[in-house]
Amino acid sequence: MTAPAQLVTRFAPSPTGFLHLGHAHAALLAWRAAREAGGRFLLRIEDIDSTRCRPEFTEAILEDLCWLGLDWDGPVRVQSRHMADYERTLSALRQRNLLYPCFCTRGEIAREIAASASAPHGPDGPLYPGICLRLSAARVEARLAQGEPHALRLNMSRGLRCLDQPLSFEDAVRGRVVCDPARFGDVVLARKEIPASYHLCVTHDDARDGVTMVTRGDDLLPATDLHRLLQALMNWPEPRYAHHRLLADAAGRRLSKRDGAPTLRDLRASGATPAEIRSLAGWPD
Ligand code: GLU
C-alpha cells in the first residue's frame, strides 16, 4: 500500500506593498490546512516584476507573518533568485515550437485590435491578434539577429493540440471544474523587460516544490485554466486547488492594496494583537 501523499500548501505573496487582512486570511488558510494534516507549509516571494516589487516589502512580509504566529517549512523561495529555472522551462517549450517571439509594442497591438471587427477579451485583457505569428521564419530570424527586444508568447492552438484529453481541476469549494485555457489566447510567458511571467513561474514553482494543494484567492480562479495547460505541457503533476473568497470591507469592496486597505502594520500600530488579527482574518481561535 502506498502512503497517501503528504499535504503541501504554500503562501505566495508579491512584495508590492505591506500585507493586509486579506493576505493574513490567505496565509492562515494555507498554514492551517498544512498544520492540521501534518503536512508542509511553504513560503514563496513572487518578486519577478522588479518594476513593482521592493525588497523592503519582502522583509516586512516575513516579519508580519512571524508576528502573526505563522511558521513555514524550509527556506523561503524568492523567485527573482531563480530566473535560470524559468529560462529552462521557456527553452523546453520553445524547443517544442510552443512559443514564438513577439516584437509588438503595446501601441501596435492596440491599433491592430482597434482596426479589427472583433476584439475578444480574456481574463488578462484583449487577446493578442496574432501579428507576430504571421511573420515569416526568415523575418523572425532577422529581427532576432538584430537583437530586437521581444516577448515570448504561447502558441495556444498548438498547445491545445498537444492535449489528449480535456483539462479540469479539483477545487475544494467548486468540485471538478472544466478548463478553457483558450480564453487566454497567445498569452505572454516572458515579457520584454521581465524574462518570465507570473503564470510560468507559479506553475513551475508549485511543481518544483511538490505543492499538492494550491490555496489562493478566487480572483485567480480563471488563471488556473492556463496553469493546468502549462502543467500538462510540461508533464507536471496536477495539484488540488482551494480558491477562497477574498475578504471585503464594510462597503463590500474586496480588500486591496490599491484601494488602501489598512495594512497589518497599521492595525498593529493601533494596538491590535496577533490574536485579534487572526480572528479578523477569519481564523477561529
Ligand atoms: N503572487 C500572487 C499574488 O500575490 C499569488 C499567486 C498564487 O497564489 O498563485 O496575488
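The values are calculated or read from the model by the stated rules, or taken from the named source; none is laboratory data. These numbers were taken from a predicted model, which means no experiment stands behind them. Here the Cβ is made from the backbone with ideal geometry for all residues, glycine too, and neighbour counts use every protein chain on show. Accessible surface is based on the protein model in full, side chains and every heavy atom, while ligands, DNA and RNA are left aside. Shrake-Rupley method; radii C 1.70, N 1.55, O 1.52, S 1.80 Å.
Brief remarks on what is shown
- Between the amide H of residue 254 and those of 249, distances stay under 5 Å, these residues lying 5 or more places away or on another chain, with hydrogens modeled in the peptide plane.
- Near residue 208: Cβ cut-off under 12 Å, other residues only, Lys/Arg at +1 and Asp/Glu at -1. The net charge is 0.
- Gaussian network model of the chain, springs between alpha carbon atoms under 10 Å - residue of 58, 89, 215 with greatest fluctuation: 89
- Among 148, 46, 238, residue whose mean-square fluctuation peaks in a GNM of the chain (springs only between Cα atoms under 10 Å): 148
- Three principal axis lengths of segment 145-222 [C-alpha, angstrom, descending]: 50, 27, 23
- Accessible surface of segment 90-181 [probe 1.4 Å, protein heavy atoms]: carbon and sulfur percent: 53 percent
- Taking trypsin sites (Lys or Arg not before Pro) across segment 217-279, the ones in a DSSP loop with at most 13 further Cβ atoms lying within 10 angstrom of their Cβ are 245, 253, 258.
- Take every DSSP beta bridge whose two residues both sit in the chain; close to 55 percent of them are antiparallel.
- Pairwise centroid distance, computed over Cα atoms, of segment 238-285 with segment 142-187, Å: 32 Å
- Neighbourhood net charge (15 Å Cβ-Cβ; Lys/Arg +1, Asp/Glu -1) for residue 109: +2
- Efficiency of FRET between residue 92 and residue 250 - r from beta-carbon atoms, R0 51 angstrom, step 0.05: 0.60
- As computed over segment 49-194, the Cα convex hull volume per residue (Å³): 195 Å³
- Here the chain is assigned +1 on the Cβ of each Lys and Arg and -1 on the Cβ of each Asp and Glu. Its dipole about the Cα centre then comes out at about 620 debye.
- Disulfide-incompatible cysteines by the Cβ rule (no partner under 4.7 Å) in the chain: 53, 66, 104, 162, 179, 201
- Loop-located trypsin sites (Lys or Arg not before Pro) in segment 171-225 whose Cβ has at most 13 other Cβ within 10 Å (DSSP): 174
- The Kirkwood hydrodynamic radius of the chain, based on inverse pair distances between different Cα atoms, is 20.6 Å.
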